[in-house]
Structures are given as C-alpha cells and as structure tokens.
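Everything on this sheet refers to the single structure shown next.
The values are calculated or read from the model by the stated rules, or taken from the named source; none is laboratory data. For clarity, every value in this text was computed on a predicted model and none was experimentally measured. We place every Cβ from the backbone using ideal geometry, glycine too, and count neighbours over all the protein chains shown.
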Amino acid sequence: MTIVAITEVSRIRDRIARAHELAAAQFRDSFVPGETLPTSHLEILASALLEYAEGVRLDGRVQYQLDGDISVPFVVPEEPLFKYFEVDRTPPAVFEYWLVISEIIGSPSWRMTTVIASSDEYDAALRRMQSPQIVRALVASFLPSVEFRSDGTAFLEATVYTRADEERIERRLLLLDSLNEFHYHGRGLIAEGRGGVLA
C-alpha cells in the first residue's frame, strides 16, 4: 500500500472546499424562485468538484433525476454513472475520486461521515463520540493508502468517523473496479460509541 501524504490530503480537502464555495456562489447567482430546478445545486456542485479535481475527469456532465426523496446522479439515463469517469492510477487521484464521487452520490450516510487523516483528527472524533470504547489501541497511520493491482483495479484504505446508524471510527477497505466503481470490501473497527443516527 502507498500512503497518500498529509500534504496531498490537505490539498485535496482544500480543492473540495473551494468547489463547495464556488457552487454555493453560482447557485445564489443563478437562483430564480419558482424556476430553478430542485436538482440545480447538485448539478452545479458536481461540475465544481470536477473542475477543481486533479487526476479525475468526466466524459459528459453529471445530472440528477428525482426518485421520490432520492436524487440519482447520471451522465446518460439508465446507464452506470461510474464508467464515464476517468481516474489517474495514482494514490492521490484514487483518494480524491472517492471523495468526489461520494459527494456526487451524496448518500445520507456520507453526509454523516468525516475522513480522519491525523492523530489530532482522531482525538477530536473521540471527543465527539458518546461514551467511546477503543477497540484497537494502536493505529499505524490514519492516512489513506492505495494499492494498485495488475488487472487495473485498486484497493483504497481510509479512516473515517461516522454517525450513520451506529457511531464508530473505522478503517475502511474499498475496491475500485476497472469501471471506476467503488465496492465496500471490509472494515477494521478502531472505536465505537453510543451515538448514531439512522440514515
């Protein structure tokens, strides 16, 4: 596994924060009461995230359709979203793509998830938890890491604090397939608490 350096993590987080600022400003400037579609802000945000991302490109434009209370992103209707992305096979690009695609999909559980990349962030997450119980006392690194495989796929490990369903800090293992879709592959529990919100 190749570790994504904290300087890279900080740059990626900064790009995502700038994309959110740009999207908010563009949405304010373009909003017309009664005319602006409910999905407009999501589409503006997706465009801004991809504009700022490095090593991540999209063949087309992300749009959204409403399915009840759920907004579903697509490039071509009824086709998988992920195959339209191109992701450089570098550790920072894979990590950034995971953050960008998670923002674009915008699941309720993702909105209750925070990436942890340092011991200070881990300590802050522990302080937020209700009655934390440490399951794994020694953690070699909180930084994300990536391992590339000969078949064009890659494994990504990242540490997160989440309150979706149950409150926990965990090291997630995700598989990025050859069509650029992430698949949950496992987790190592680091700490758990009594909080949590049903997603």
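Of all residues in the range 160-199, those satisfying the criterion of being assigned to a strand (DSSP E or B) and under 14 Å from Met112 (Cα atoms) are Val160, Tyr161, Thr162, Ala164, Arg168, Ile169, Glu170, Val197.
What number of residues in the range 115-140 are closer than 13 Å to Ile190 by Cα and not basic (Lys, Arg)? Full working, then the answer.
Let us first name the residues in the range 115-140 that are closer than 13 Å to Ile190 by Cα, namely 116, 119, 122-123, 125-126, 129, 132-140.
Retained after the next criterion (residues that are not basic (Lys, Arg)): 116, 119, 122-123, 125-126, 129, 132-135, 137-140.
Matching residues across the range 115-140 total 15.
Residue by residue, here is whether (1) farther than 27 Å from Ala164 by Cβ; (2) in contact with a helix residue (DSSP H, G or I) (Cβ under 8 Å, 6 or more places away or on another chain); (3) in contact (Cβ under 8 Å) with a residue 24 or more places away in the chain holds:
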site: Gln26; (1), (2), (3): yes, yes, no
site: Val32; (1), (2), (3): yes, no, no
site: Glu35; (1), (2), (3): yes, no, no
site: Leu49; (1), (2), (3): no, yes, yes
site: Glu96; (1), (2), (3): no, yes, yes
site: Leu99; (1), (2), (3): no, yes, yes
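For Gln26, the conditions (1) under 19 Å from the mean Cα position of the chain (by Cα); (2) surrounded by 14 or more Cβ atoms within 10 Å (Cβ to Cβ); (3) not β-branched (Val, Ile, Thr) are fulfilled apart from (1).
For the range 89-135, a residue qualifies if it is among the basic types (Lys, Arg) and closer than 26 Å to Thr7 by Cβ, and the qualifying residues are Arg89, Arg127, Arg128.
Taking the range 86-113 as the range and being at pLDDT 95 or above and of a type in the set (Ser, Thr, Tyr) as the test, the residues that pass are Thr90, Tyr97, Ser102. Tyr122 meets each of the listed conditions (1) under 29 Å from Gln63 (Cβ atoms); (2) touching a residue at least 12 places away in the same chain (Cβ under 8 Å); (3) of a type in the set (Ser, Thr, Tyr) apart from (1). Within the range 121-136, restricting attention to residues that are out of contact with any Pro (no Cβ under 8 Å at 6 or more places or on another chain), aliphatic (A, V, I, L, M) and part of a helix (DSSP H, G or I), the residue that is farthest from Arg171 (Cα to Cα) is Ala124.
Between Arg57, Arg61, which is without any contact (Cβ under 8 Å) to a residue 60 or more places away in the chain and over 30 Å from Ser118 (Cβ atoms)? Give the derivation first.
Details: Arg57 fails: over 30 Å from Ser118 (Cβ atoms).
Testing whether each residue is without any contact (Cβ under 8 Å) to a residue 60 or more places away in the chain and over 30 Å from Ser118 (Cβ atoms) leaves just Arg61.
Restricting attention to the range 175-193 and to residues that are touching a helix residue (DSSP H, G or I) at 6+ places or on another chain (Cβ under 7 Å) and crowded, with 18+ Cβ neighbours inside 10 Å, the residue that is nearest to Pro91 (Cα to Cα) turns out to be Leu176.
Leu156 meets the conditions (1) assigned to a strand (DSSP E or B); (2) closer than 30 Å to Asp59 by Cβ; (3) out of contact with any helix residue (DSSP H, G or I) (no Cβ under 6 Å at 6 or more places or on another chain) in every case but one. The failed one is (3).
Looking at Val139, Val146, which is the one that is buried (at least 18 other Cβ atoms within 10 Å of the Cβ) and either part of a strand (DSSP E or B) or touching a residue at least 40 places away in the same chain (Cβ under 8 Å) (or both)? Walk me through it before giving the result.
Values: Val139 fails: buried (at least 18 other Cβ atoms within 10 Å of the Cβ).
The match here is Val146.
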